[in-house]
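Quick notes on the structure that follows.
The values are calculated or read from the model by the stated rules, or taken from the named source; none is laboratory data. In this text the structure is predicted, and so the values were computed from the model without any measurement. Virtual Cβ from ideal backbone geometry, glycine too; neighbours counted across all protein chains shown.
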Amino acid sequence: MARTGAAPSTPDRTGADPAPGGPTPGGGFGGRLMRRKPVDRLVAEGGHGDGGELKRSLGMWQLTMISIGATLGTGIFVVLGEAVPKAGPAVVISFVIAGFTALFSALSYAELAGSIPVSGSSYSYTYATMGEFIAWLCGWCLILEYGVSVAAVAVGWGQYLNELLDGTIGVTIPDAFANPPGAGGVVNIPALLVVLLSMAFLLRGARESARVNTVMVVVKIASLVLFCAVAFTGIRAGNFHPLMPLGMAGVSAAGATLFFSYIGFDAASTAGEEAKNPKRDMPRAIILSLFIVTVLYCLVALVAVGAMPWQQFSDADAALAQILRQVTGQSFWAVLLAAGAVIAIASVVLTVLYGQTRILFSMSRDGLVPKIFSKVDPKTGTPRANTVIVSLFCGILAALVPLGELANATSIGTLFAFALVNVAVIILRRTRPDLPRTFRVAFSPVTPAIGFLLCLWMMTSLGAQTWKWFGIWMAGGLVLYFTYGMRRSQLAREEV
């Protein structure tokens, strides 16, 4: 099991890092909010849960597949229909801009994942640098990002499953059993089914679920490559003119929309305690996954706008399928693409659900959520109770609750976490310059500062309704922290 070789530091009463130059919060109420968990202690506790240890079984390839699995899903199958009307054929440039924007935060994630290889992702990074209160807010945002998005993606899976069934056997699931109450149905059975299937794989162990995810990722990449190969025959040079019919403003607007197609690259950082060589492999997996996803997005976008005039991208839910029908004059290829979409979205559910359980595992070990979430099964090396509870919650949410604007609020939650990670890099460089780093962000603190500002800019581009739901979510998180987490945290108990 990979370790730093350093013994766990003994925290002071605030939990602050005893390293020279590290700021030590004062006492009182403010001091309790800012108590930090030393980096060496975070790393030393890695892998340990209540009743067992997580198993280190994931290599760089599997970590990369986890990040790709969490990123490459519904976005590419629906995003073109939303972005092309804004940017025209220059949507390819918009993808590059969005990927470049995501890269700044990805670099910060890569540095911290290699320095603090634990399961908590940005929650743990902020706990070590900005204190418990900010860490709780970050963790609460991650619960929104991962938990609610699992339910939202599961709902989308049911819609694509219906398309596939209709195209193959001419049967569709009745609306009553394919939509939740309030959205024209009684219960969304497909959404519940895909979450429960993902739970079954996760309960078998990280290695087994990673293998299943790898197969699904390969299939969905192959389906997108197949789309490019078939649609390439329909490319017409005239479809690229004019390149920017709505100007650079349209390209930028589309880039802001497309940024959310990159959310998920941070999933590998939640596997820090199950990676064989996390300090080496996690930074590589994060950067490699972002590169692969960006190349695929740009390739698909280039072929798509070349094969169909940009003015015809009106059906946001079936743009790629529409292109294949037009190019080939057959429905076979569109059905094959629907099959790829079903697998793609199932992979997102599996990997995002995995990330949610590992974040709650870390928060539970720190005492901020109940201990049942950090109980590890000694046979499988997985947090079984955690996995079952989270899966049932997400499955019921997807099956019975119309998510609406709450699902859109996941975008703000994600960007908030990204912003904090960029700040954490700057702080850790100052407070722990001696910390071994297998990857270093170039031109720090300028690069992470740009990443932070880009996240804020993306947040301000979101609508008022999304901000309202985000505010309600954060208010609930504050209530939970001050009534439960603040008093029951591990650092709080050590202060007594």
Among Val425, Val390, Val421, the single one that is touching a Gly at 6+ places or on another chain (Cβ under 9 Å), over 24 Å from Lys37 (Cα atoms) and either among the polar types (S, T, N, Q) or not in a loop (DSSP other than H, G, I, E, B) (or both) is Val390
Do we find that Ala90 is aliphatic (A, V, I, L, M), over 21 Å from the mean Cα position of the chain (by Cα) and not in a strand (DSSP E or B) in this structure? yes
Go through the residues of the stretch 154-175 one by one and say whether even a single one is among the β-branched types (Val, Ile, Thr) and crowded, with 24+ Cβ neighbours inside 10 Å. yes
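Please go through the stretch 145-175 and give me each residue that is outside any helix (DSSP H, G or I) and either in contact with a strand residue (DSSP E or B) (Cβ under 6 Å, 6 or more places away or on another chain) or without any contact (Cβ under 8 Å) to a residue 12 or more places away in the chain (or both), ordered by number. Show your work before the answer.
So in the stretch 145-175, the residues outside any helix (DSSP H, G or I) come out as 169-174.
Across the stretch 145-175, the qualifying residues are Ile169, Gly170, Val171, Thr172, Pro174.
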Those residues that are aliphatic (A, V, I, L, M) and either buried (at least 20 other Cβ atoms within 10 Å of the Cβ) or assigned to a loop (DSSP other than H, G, I, E, B) (or both), I need them from the stretch 242-255; list them, please. Leu243, Met244, Leu246, Val251, Ala254
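Looking at the stretch 158-174, which of its residues are over 14 Å from Ile345 (Cα atoms) and touching an Asp or Glu at 6+ places or on another chain (Cβ under 9 Å)?
Thr172
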Scan the stretch 440-496 for residues that are aliphatic (A, V, I, L, M) and in contact with a Pro (Cβ under 8 Å, 6 or more places away or on another chain) and jot them down. Val441, Leu491
The correct count of residues that are under 27 Å from Ala285 (Cα atoms) and either touching a strand residue (DSSP E or B) at 6+ places or on another chain (Cβ under 9 Å) or at pLDDT 90 or above (or both) in the stretch 230-258 is 0
Test Leu103 against the criterion of being part of a helix (DSSP H, G or I), within 13 Å of the chain's Cα centre (by Cα) and under 29 Å from Pro278 (Cα atoms), and give yes or no. no
Exactly one of these conditions fails for Cys138: (1) in a loop (DSSP other than H, G, I, E, B); (2) more than 19 Å from Gly395 (Cα to Cα); (3) not aliphatic (A, V, I, L, M). Give me its number. (1)
